[in-house]
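The structure appears below as structure tokens.
Readers should treat all values here as calculations from the given coordinates under stated rules, not as data from a laboratory. Predicted, not measured: the structure shown is a model, and the values here were computed from it. Quick reminder, even Gly has a Cβ in these numbers, built from the backbone with ideal geometry, and neighbours come from all protein chains shown.
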Amino acid sequence: MFEKMQRAFWKALTPDLVVDEPKVVVPPVAGLAANVVAALGGVDNLKSQKAVALTRVRVELRDVARVDRQALTAAGIPGVMTLDGGVVHLITGLKS
Amino acid sequence: MATPQQLQLLAPLSGVLMPLDQVPDPVFSTRVIGDGLCIDPTSQTLSAPLAGVISNVQASGHAISITDDNGVQVLMHIGLDTVNLAGKGFTRLVEDGQRVEAGQALIEFDADYIALHARSLLTLMLVVSGEPFTWLSPETGMVEGGQPLLGLHCVERIADEPAPEEGEALFSRTMTLANPNGLHARPAAVFAQAAKGFSASVYLHKQQESANAKSLVAIMALQTAFGDTVQVSAAGQDAEKAIDTLEKLLTSGCGETVSVSAQVEALEPLSSKVLRGVCASPGSAFGQVVQIAEQRLEVSEPGRGAQVEREQLSRALAQADLALQLLRDKATGDAQAEIFKAHQELLEDPSLLDQADALISEGKSAAFAWHAATEATAALFKGLGSALLAERAADLADVGQRVLKLILGVQDQAIELPEGAILIADQLTPSQTVGLDTRKVLGFATVGGGATSHVAILARAAGLPAICGLPAQVLALRNGSLVLLDAGKGELHLDPELAAIEQLQVDRQRQEQRHQHVLAHATLAACTRDGHHVEVTANIASLGEVEQAMSLGGEGVGLLRSEFLYLDRNHAPSHEEQASTYSAIARALGPSRNLVVRTLDVGGDKPLAYVPMDAETNPFLGMRGIRLCLERPQLLRDQFKAILACAALAQLHIMLPMVTQLSELRLARQLLEEEALALGLAELPKLGIMIEVPAAALMADLFAPEVDFFSIGTNDLTQYTLAMDRDHPRLAAQADSFHPSVLRLIASTVKAAHAHGKWVGVCGAMASETLAVPLLLGLGVDELSVSVPLIPAIKAAVREVDLVDCQAIAQQVLDLESAEQVREALRLYHEATVDTSLVLEN
């Protein structure tokens with residue numbers, strides 16, 4: 001906590017010297033946040049994933065039953081579309 | 001209708017709401033079509049948001065609209081750019097004119113297919129009749145299909161039905177739609193919006209049908225398709241203006257990019273009397289228009305059994321081969337013979353034959369199979385992004401057509417040419433040009449094609465003027481109308497006046513006189529009127545050219561393209577061969593004249609058989625010139641050694657091509673010094689670099705201290721600066737070295753060189769243009785290295801100007817905006833200063 005405050009202090013004084021930290025934590029699976037992956041049943045449940053149609057991430061799951069809808073909503077995925085063959089579209093919205 | 005009533009619109013889908021402003025498609029986000037909402041669907045059935053009649057369901061199933069009894073019209077559009085799916089992934093559940101209940105299923109769609117094949121699934125629901133609404137739910141977040149979303153206030157609607165027509169309706173010309181999917185939602189919205197701007201009643205007509213042009217839905221209901229002919233009519237006060245505006249809008253694609261060549265009839269009226277293109281073969285001619293169009297052939301798809309169709313195809317292929325052989329034998333020049341030989345090879349191309357065979361096995365007709373195979377391969381060629389390959393697609397189309405005609409038994413109609421014909425076509429294929437009576441042809445003008453197209457090759461071989469890259473309007477010219485083709489300027493004058501034609505003849509005579517005059521004075525020095533000497537040297541690629549250059553008054557060799565020693569052979573030239581060639585050229589020049597030898601300038605675009613290279617996707621940005629040589633230093637060492645053999649015979653200069661980095665120069669210099677040391681040479685030859693990469697031009701101040709001279713290669717410098725391929729059929733006209741950006745690079749290069757006491761030459765095509773002479777002198781260029789036949793003309797041009805004037809005009813044009821402006825300014829300058837004593841007409 002103290003360290004964080006000190007950093008913020010230094011950042012305010014010397015804005016050039018302290019590099020901005022990336023706001024988003026680098027996810028273990030490219031493109032999907034860790035909590036989203038967890039809500040989808042973990043990395044093991046993920047067969048493929050790809051960004052499609054501007055606003056969606058299309059994932060193929062081994063077992064759709066392992067998807068935790070509430071956890072997905074909690075992870076900030078507003079819409080989920082479950083399709084045939086283990087395909088699920090996560091509606092993530094437009095990337096800014 | 002006077003009593004306000006509320007109508008609820010139900011969510012047509014489940015999904016996530018997105019504010020309309022954020023929809024990444026301006027037609028929707030700007031509400032041109034109407035206000036409403038956007039849902040990113042999580043369900044796959046689109047249901048009716050209100051009860052009413054289906055007023056228009058697109059054949060492709062991606063859009064539908066419903067009109068209720070009070071005239072409220074709601075449009076739903078599934079996904080963005082889904083019209084391109086042509087119905088795939090959509091199942092229509094209702095028909096036009098059908099009455100539906102609120103909540104009734106309208107369209108089913110395959111969300112996964114659309115997500116994978118279209119731009120987006122974002123679905124729009126828009127109130128196109130324009131009633132204001134309020135939200136009955138939060139404006140963001142999840143919605144459930146069938147949930148009430150909007151409350152519509154159906155106040156008395158503003159009558160958007162046109163008032164009874166006043167007076168007679170005016171009609172536009174008929175136009176051909178160039179939009180690849182006809183007037184679908186987006187272009188239709190743009191069109192309707194524009195129509196609404198007029199008080200006149202406006203209708204769009206397609207054959208017998210017509211639609212109120214102010215109604216988006218009505219336009220969409222016309223179900224127009226690519227290539228449909230349409231007409232606009234208008235009645236009322238501003239009818240004329242409406243027709244004019246809407247005609248232009250339709251022609252330009254209503255906000256969609258449309259390919260110009262596809263819209264032959266949809267052309268703007270020829271407002272200007274001059275059409276511009278690129279010179280493909282110089283010269284000028286006055287004659288009458290003859291349009292050459294390719295016949296459209298009807299092909300039936302199903303075959304009559306694989307055996308029959310196969311035999312038919314191979315019979316046609318054999319006949320085509322025979323016909324091409326005849327053409328080859330009769331061909332008037334090597335160029336033509338080579339083209340038909342290439343066509344014969346295409347007939348045997350295994351991948352083409354395999355494709356056709358596979359289709360025949362599937363039960364298709366020989367004609368269909370062959371047509372499909374050639375079209376697919378031609379499309380592939382075109383898609384590869386190379387101008388040269390794109391032109392080979394034209395060859396393939398030509399061969400394809402030849403065989404197709406044989407299969408279908410279509411006779412070629414011999415084109416009867418009138419005297420003095422100027423042939424106009426989208427593209428002229430070799431088969432079309434071969435049968436022509438060249439005695440009756442005075443010139444060519446085409447929309448497609450570039451410097452490497454057949455028209456260019458054949459026209460140059462026949463000594464006829466030709467222009468490529470003209471706007472498509474040229475295809476609308478009436479047969480028999482009179483035109484003046486001025487290929488040198490890249491201009492086609494329509495309906496020229498007698499004075500212009502006479503001027504052309506006078507110009508021709510004067511050019512001839514001038515040619516004789518400059519030839520007679522070729523040996524005079526190239527000194528400006530105020531006594532400034534400019535060295536005019538030759539660009540050569542053989543010993544023969546040196547001798548010719550000397551006889552035409554060349555003062556040295558400014559560019560020896562050493563590639564000629566390396567090309568078209570299976571192994572590198574021996575040291576002896578190289579050394580004796582360089583020495584012979586140096587001897588022809590003598591010890592007092594400059595010989596600038598450019599080291600090997602090859603790359604992925606012109607690979608050497610004995611220097612294997614990986615294919616590059618973009619050879620012009622790949623291992624070319626010095627980059628290749630430094631990667632294979634032995635090649636460069638051997639060349640240096642051979643060049644150094646002639647060090648004492650002329651003023652030897654060595655020039656490195658494509659230098660981008662200082663390290664390349666330093667590395668090459670080190671190799672050169674080592675080779676010179678090994679030969680025991682006391683004095684090193686001069687070492688310079690080509691300035692053809694913008695990086696080198698921009699850093700000329702850093703290069704200057706380390707070189708003995710610069711030579712500017714304007715051709716490459718232009719294409720790299722403007723990022724335009726000089727041979728690109730559509731861009732060639734703009735890839736002009738007179739562009740101020742290129743001139744600024746030349747100016748700063750000269751400044752940097754002179755600051756360090758180094759000289760600058762120009763060896764690109766620009767140096768061979770007389771128009772550029774005052775400009776280049778004014779920018780301070782010390783040497784012009786020009787193509788051999790033009791040496792006398794360039795020397796004469798130097799003798800006609802004052803350096804002081806040149807400097808003034810050069811400074812002025814640096815601040816202009818475009819190459820055209822620069823050329824115009826130089827022309828005016830030329831007329832005002834140089835020719836006044838000679839030309840009385842001006």
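A few comments on the model shown:
- Shape category assigned to the protein assembly as shown from the gyration tensor of Cα positions, a/c cut at 1.5: prolate
- Cβ-Cβ FRET estimate between B:Trp135 and B:Glu101, R0 fixed at 25 Å, reported to 0.05: 0.60
- Extending 7 Å from Cα along the Cβ direction at B:Asp329 and again at B:Lys751 yields two label points whose distance is 6.6 nm.
- FRET E, pair B:Thr523, B:Leu679, Förster distance 25 Å, beta-carbon r, rounded to 0.05: 0.10
- Fewest-first ordering of B:Trp370, B:Trp759 by other beta carbons within 10 Å of each residue's beta carbon gives B:Trp759, B:Trp370.
- Label separation (B:Ser210 vs B:Ser551): 7.5 nm, computed from points 7 Å beyond Cα along the C-beta direction.
- Interchain or long-range residues, amide H under 5 Å from B:Leu106's placed H: B:Leu46, B:Ser47, B:Ala48
- Derived scalar couplings between HN and Hα for the stretch B:767-782 equal 5, 8, 9, 4, 4, 7, 4, x, 5, 5, 4, x, 7, x, 5, 9 Hz in order, rounded to whole Hz, by the Karplus curve 6.51 cos²θ - 1.76 cosθ + 1.60 (θ = phi - 60°), x for Gly and Pro.
- Pairs of alpha carbons in chain B whose separation is greater than 43 Å (percent): 48
- Amide N proximity, the stretch A:42-56 versus A:Lys95 label position 7 Å along Cα-to-Cβ, cut-off under 18 Å: A:48-56
- Antiparallel DSSP beta bridges within the protein assembly as shown, as percent of all bridges there, nearest 5: 70
- Distances between placed amide hydrogens fall under 5 Å for B:Leu442 paired with B:Ala421, B:Ile422, B:Leu423, all partners being 5 or more residues away or on another chain.
- When the GluC sites (Glu not before Pro) in the stretch B:91-141 are filtered for DSSP coil states and for at most 11 other beta-carbon atoms within 10 Å of their beta-carbon, the remaining sites are B:Glu95, B:Glu101, B:Glu139.
- Other protein chain Cβ atoms within 10 Å, averaged over every residue that makes up A:50-60: 5
- The GluC sites (Glu not before Pro) of the stretch B:289-319 that meet both conditions, a loop assignment by DSSP and at most 10 other Cβ atoms within 10 Å of the site Cβ, are B:Glu298.
- Among the residues of B:37-50, the average count of other protein chain beta-carbon atoms within 10 Å of the residue beta-carbon is 2.
- Per-residue extension of 0.36 nm, minus the Cα-Cα distance of B:Ala584 and B:Arg304, leaves a gain of 93.9 nm for this segment.
- 3J(HN,Hα) couplings calculated from phi for the stretch B:210-216 with the Karplus curve 6.51 cos²θ - 1.76 cosθ + 1.60 (θ = phi - 60°) are, in sequence order, 8, 9, 4, 5, 8, 9, 4 Hz; Gly and Pro show x.
- Taking the empirical scaling 2.2 N^0.38 Å for compact globular proteins as reference, the stretch B:6-153 has a Cα radius of gyration ratio of 0.93.
- Overall form of the stretch B:526-801 per C-alpha gyration tensor (a/c, 1.5; a/b vs b/c): rounded
- Proxy reagent accessibility, fewest Cβ within 10 Å first, across B:Asp349, B:Asp716, B:Asp437: B:Asp437, B:Asp349, B:Asp716
- Global form of the stretch B:719-842, assessed from the alpha-carbon gyration tensor, a/c cut-off 1.5: rounded
- Arranged from fewest to most other beta-carbon atoms within 10 Å of their beta carbon, B:Asp782, B:Asp110, A:Asp84 become A:Asp84, B:Asp110, B:Asp782.
- Loop GluC sites (Glu not before Pro), the stretch B:719-823 (other Cβ atoms within 10 Å of the site Cβ: 13 or fewer; DSSP): B:Glu817
- Remark: the B:Gln8-B:Ala379 segment gains 128.6 nm on full extension, using 0.36 nm per residue and subtracting the alpha carbon distance.
- Take the Cα of B:Arg744, go 7 Å toward its beta carbon, and the backbone nitrogen atoms of the stretch B:688-706 under 19 Å from that spot belong to B:692-702.
- Under Karplus coefficients 6.51, -1.76 and 1.60, residue-wise ³J(HN,Hα) of the stretch B:76-89 in Hz, glycine/proline x: 10, 10, 8, x, 10, 6, 6, 4, 5, 6, 6, x, 5, x
- Using R0 = 30 Å, the C-beta based FRET efficiency linking B:Gln670 and B:Asp614 works out to 0.65.
- Gain in span if fully extended, B:Phe226 to B:Arg315, counting 0.36 nm per residue against the direct Cα distance: 28.5 nm
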